[in-house]
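To keep things clear, I will list the structure first and then write my remarks on it.
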Amino acid sequence: MELAEMSMLLNPRRLDDVVILDLSGRITIGEGTLVLRDRIRKLLAAGDQKFLLNLADVDYIDSSGLGELVSSFTTVRSQGGQLKLLNLTRRVQDLLQITKLLTVFEVFNNEAEALKTMT
Amino acid sequence: MAAKRRRSFELTIPSRIEQMEAVHALIEEAVKEYKLSNDMAHWIELSISESMINAIQHGNKADPSKQATLRISSSGDAIEIIVEDEGCGFTFDNVADPTDKANLLKPSGRGILIIRSFMDEVDLSQREGGGCRLRMVKRLPGVDGAR
């Protein structure tokens with residue numbers, strides 16, 4: 001675990017009116033959660049309402065990171081939008097299972113399938 | 001735990017989240033020393049990280065003049081982790097169940113659940129002279145714990 005791996009990278013791309021955020025690294029207390037929060041809020045302010053968070057390259061989320069996913073979800077939903085999760089790693093899936101957040105989020109393993117649901 | 005003690009690790013930090021990099025570096029050193037599997041190392045790191053963040057934020061109220069201490073040791077068949085703070089911001093009894101429907105959308109309160117889900121033993125006690133002591137034990141699979 002090098003220090004460079006301690007932070008999170010976020011790469012947005014757009015398919016029609018859906019913003020897909022490809023996340024990589026670690027979503028943890030501090031910078032990792034702030035990066036996600038700021039980006040979602042800026043996109044919301046710019047009028048975007050449909051978000052798909054691709055967590056394929058996220059192998060470590062702590063409780064603050066989970067909290068940020070929940071906050072992003074509630075913020076987007078309160079503005080009439082949608083936020084769904086894509087490609088959970090096994091460890092992140094386990095964490096969402098333990099915390100029962102799998103009952104909160106819609107989770108997909110296939111991007112095309114996820115996009116079909118974002119109407 | 002059995003008497004076959006291996007190298008142990010200890011770190012004391014001021015209560016600032018920025019100090020968590022030092023915590024992660026120590027955990028990395030320990031999991032290498034104990035030759036833990038990737039999975040075991042992951043959950044050990046997450047449990048320790050959650051407990052140190054609790055000590056900093058809830059125990060010591062992020063007061064940098066107060067310190068948090070981490071000790072990691074292994075008998076070969078189990079890992080023992082001790083986290084101490086100078087505050088005592090919570091007891092297990094007053095932590096709301098984050099999986100309760102009423103709490104599911106709250107942004108915080110999941111750290112203890114994560115720790116208890118992974119660790120085999122979790123005990124919280126008062127330290128003499130003030131502060132809290134969290135002791136966690138994870139039993140290791142196989143003789144060498146290196147699955």
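The values are calculated or read from the model by the stated rules, or taken from the named source; none is laboratory data. On a predicted model such as this, the values are computed, not experimentally measured, just so you know. Ideal geometry is used to build each Cβ from the backbone, glycine not excepted, and the neighbour counts take in all protein chains shown.
Among the residues of segment B:85-121, those that are touching a residue at least 24 places away in the same chain (Cβ under 8 Å) and of a type in the set (A, V, I, L, M, F, W, C) comprise B:Cys88, B:Phe90, B:Phe92, B:Ile112, B:Ile114, B:Ile115, B:Phe118, B:Met119. Picking from residues in segment A:37-52 that are closer than 21 Å to B:Leu104 by Cβ and not in a strand (DSSP E or B), the one that is nearest to the other protein chains (Cβ to nearest Cβ) is A:Arg37. Each residue in segment B:28-46 was checked for being over 16 Å from A:Ile61 (Cα atoms), more than 8 Å from every other protein chain (Cβ to nearest Cβ) and out of contact with any Ser or Thr (no Cβ under 7 Å at 6 or more places or on another chain), and 8 of them qualify. Checking A:Arg14 against (1) touching a residue at least 12 places away in the same chain (Cβ under 8 Å); (2) surrounded by fewer than 16 Cβ atoms within 10 Å (Cβ to Cβ): exactly one of these is not met. Which one? It fails just one condition, (1). Every residue in segment A:8-63 that is charged (D, E, K, R) and within 19 Å of A:Thr117 (Cα to Cα), please. Passing the criteria: A:Arg13, A:Arg14, A:Asp16, A:Asp17, A:Asp22, A:Asp48, A:Lys50.
The single residue among B:Ala96, B:Ala102, B:Ala146 that is farther than 30 Å from B:Arg6 by Cα, at pLDDT below 95 and among the small types (Gly, Ala, Ser) turns out to be B:Ala96.
Of the residues B:Ser65, B:Ser15, B:Ser49, the single one that is within 11 Å of chain A (Cβ to nearest Cβ), modelled with pLDDT of 95 or more and under 25 Å from A:Glu31 (Cα atoms) is B:Ser49. The set of residues in segment A:94-114 that are touching a strand residue (DSSP E or B) at 6+ places or on another chain (Cβ under 8 Å) and within 22 Å of B:Asp39 (Cα to Cα) comprises A:Leu95, A:Leu96, A:Asn109. Could you check segment A:93-119 and list, in sequence order, the residues that are of a type in the set (D, E, K, R), within 14 Å of chain B (Cβ to nearest Cβ) and not in a loop (DSSP other than H, G, I, E, B)? Within segment A:93-119, just A:Asp94 meets the criteria. Each residue in segment B:64-75 was checked for being farther than 12 Å from B:Val137 by Cα and small (Gly, Ala, Ser), and 2 pass. Please determine whether any residue of segment B:73-89 is surrounded by 17 or more Cβ atoms within 10 Å (Cβ to Cβ), within 14 Å of another protein chain (Cβ to nearest Cβ) and not hydroxyl-bearing (Ser, Thr, Tyr). No, every residue in segment B:73-89 fails to be surrounded by 17 or more Cβ atoms within 10 Å (Cβ to Cβ), within 14 Å of another protein chain (Cβ to nearest Cβ) and not hydroxyl-bearing (Ser, Thr, Tyr). Residue count for segment A:53-92, restricted to those that are more than 13 Å from chain B (Cβ to nearest Cβ) and more than 13 Å from the chain's Cα centre (by Cα): 3. Of the residues making up segment A:21-43, those that are buried (at least 19 other Cβ atoms within 10 Å of the Cβ) and either of a type in the set (A, V, I, L, M) or modelled with pLDDT of 95 or more (or both) are A:Leu21, A:Leu23, A:Ile27, A:Ile29, A:Leu36, A:Ile40, A:Leu43. Just one of (1) farther than 24 Å from B:Leu113 by Cβ; (2) in contact with an Asp or Glu (Cβ under 7 Å, 6 or more places away or on another chain); (3) among the hydrophobic types (A, V, I, L, M, F, W, C) fails for B:Ala25. It is (2). Can you report the number of residues in segment B:98-119 which are assigned to a helix (DSSP H, G or I) and more than 7 Å from chain A (Cβ to nearest Cβ)? Adding up the residues that qualify gives 7.
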